[in-house]
Amino acid sequence: MPFKDHFSTHAAAYRASRPTYPAALYEWLSQQAPGRALAWDAGCGNGQASVALAARFERVIATEASGAQIAHAIPHPRVEYRVEPAERCSLPDASADLIAVAQALHWFDLPAFYAQVRRVARPGAVLAAWCYGLCAVRPEVDRAVARLYQDLVGAYWPPERVHLENGYADLEFPFAAPTAPPPEFEMVERWSLPQFCAYLRTWSAVSRYRIARRADPVARVEPELRAAWGAEERTVRWPLRLRVGRVG
């Protein structure tokens, strides 16, 4: 399966303007792993999750097929970045305590990736994949975002986007779920309107729209957003959907 690169053209903006995953998620994941020697962050993007995992694991191998994303990755002494696809990783056999996939599982060739998971997982290792879809701010803002998402750039979303909308519920995941379901996690940011618009401009569909039409679709909804947002900062929330399994 060829690598589908939807983010290299705006890797720097992606690093600067994306929300961050909650610390409680990483703490919970580290408690599920059989050890804390090595975590593999597959499809690591700019390394946001990689660096957070490094606070809890002795070593993190972070792999990403996009060299542009790795070029903008966050440095950390316990994180080693490698430009390689998740389906052909260079980790040794039976080496990883945790395999983490943040907002990337829907891009992978799953049978090939799962073969790698089984190969590199040590006994009892955990595979955790999480994703998020649309955010929530307040009804007036959410309506403007929905218009951007559906009416303006809807035709420019890749077909894999449906898996984020479904919270990965329809993806093959052939690993035993934990006895107790994971807690509910969410990302929360306190943003100004310019910060929020910068985030919207990191959407892959917005980037594809701008290339195809030579116009900025976010600018078309900015007056509506401005009227709904006001001058103050607002709380933006993204519920996370998590698939977790024990390997082997």
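The values are calculated or read from the model by the stated rules, or taken from the named source; none is laboratory data. Just so it is clear, the model here is predicted, and its values are computed rather than measured. Cβ coordinates were reconstructed from backbone atoms using ideal geometry, including for glycine residues, and neighbour counts include every protein chain displayed.
State the number of residues belonging to the range 33-67 that are of a type in the set (S, T, N, Q) and not in a helix (DSSP H, G or I).
Quick first cut of the range 33-67, residues of a type in the set (S, T, N, Q) only: 46, 48, 50, 63, 66.
Pick out the ones that are also not in a helix (DSSP H, G or I) and you get 46, 63, 66.
Within the range 33-67, residues that are of a type in the set (S, T, N, Q) and not in a helix (DSSP H, G or I) number 3.
Being of a type in the set (A, V, I, L, M, F, W, C) and in a loop (DSSP other than H, G, I, E, B) is the requirement here; does residue 228 meet it?
On the way: of a type in the set (A, V, I, L, M, F, W, C): yes; in a loop (DSSP other than H, G, I, E, B): no.
Taking the combined requirement at face value, the residue does not satisfy it.
Which members of the range 212-248 meet the condition of being among the aliphatic types (A, V, I, L, M) and without any contact (Cβ under 8 Å) to a residue 60 or more places away in the chain?
Kept after step one, since they are among the aliphatic types (A, V, I, L, M), are these residues of the range 212-248: 212, 215, 218-219, 221, 225, 227-228, 231, 236, 240, 242, 244, 247.
212, 215, 219, 231 - these are the residues of the range 212-248 that are among the aliphatic types (A, V, I, L, M) and without any contact (Cβ under 8 Å) to a residue 60 or more places away in the chain.
Restricting attention to the range 43-70, and to residues there that are surrounded by fewer than 24 Cβ atoms within 10 Å (Cβ to Cβ) and among the charged types (D, E, K, R), which single residue is nearest to residue 31 (Cα to Cα)?
If we take residues in the range 43-70 being surrounded by fewer than 24 Cβ atoms within 10 Å (Cβ to Cβ) and among the charged types (D, E, K, R), then 56 is nearest to residue 31 (Cα to Cα).
Return the residue satisfying two criteria in turn: it lies in the range 172-205 and is of a type in the set (A, V, I, L, M) and touching a helix residue (DSSP H, G or I) at 6+ places or on another chain (Cβ under 6 Å), and of such residues it is farthest from residue 128 (Cα to Cα).
Checking each candidate, the answer is 193.
If you take the residues in the range 115-131 that are surrounded by fewer than 20 Cβ atoms within 10 Å (Cβ to Cβ) and not charged (D, E, K, R), which one is nearest to residue 235 (Cα to Cα)?
Going through the qualifying residues, I end up with 124.
Working carefully through the options 223, 174, find the one that is modelled with pLDDT of 95 or more and part of a helix (DSSP H, G or I).
Numbers: 174 fails: part of a helix (DSSP H, G or I).
Answer to the check: 223.
Residue by residue through the range 71-80, note down the ones that are surrounded by 20 or more Cβ atoms within 10 Å (Cβ to Cβ) and over 17 Å from the mean Cα position of the chain (by Cα).
79
Tell me, yes or no, whether the range 81-104 has at least one residue that is surrounded by fewer than 16 Cβ atoms within 10 Å (Cβ to Cβ), farther than 27 Å from residue 135 by Cα, β-branched (Val, Ile, Thr) and over 15 Å from the mean Cα position of the chain (by Cα).
yes
Of all residues being crowded, with 19+ Cβ neighbours inside 10 Å and hydrophobic (A, V, I, L, M, F, W, C) in the range 207-237, which is nearest to residue 147 (Cα to Cα)? Just the residue, please.
Going through the qualifying residues, I end up with 221.
Search the range 47-69 for residues that are over 19 Å from residue 19 (Cα atoms) and in contact (Cβ under 8 Å) with a residue 24 or more places away in the chain and pair each with any residue that is surrounded by fewer than 21 Cβ atoms within 10 Å (Cβ to Cβ) and of a type in the set (Lys, Arg) when their beta-carbon atoms are under 7 Å apart and the residues are at least 6 apart or on different chains.
56/36; 57/36; 61/82; 63/82
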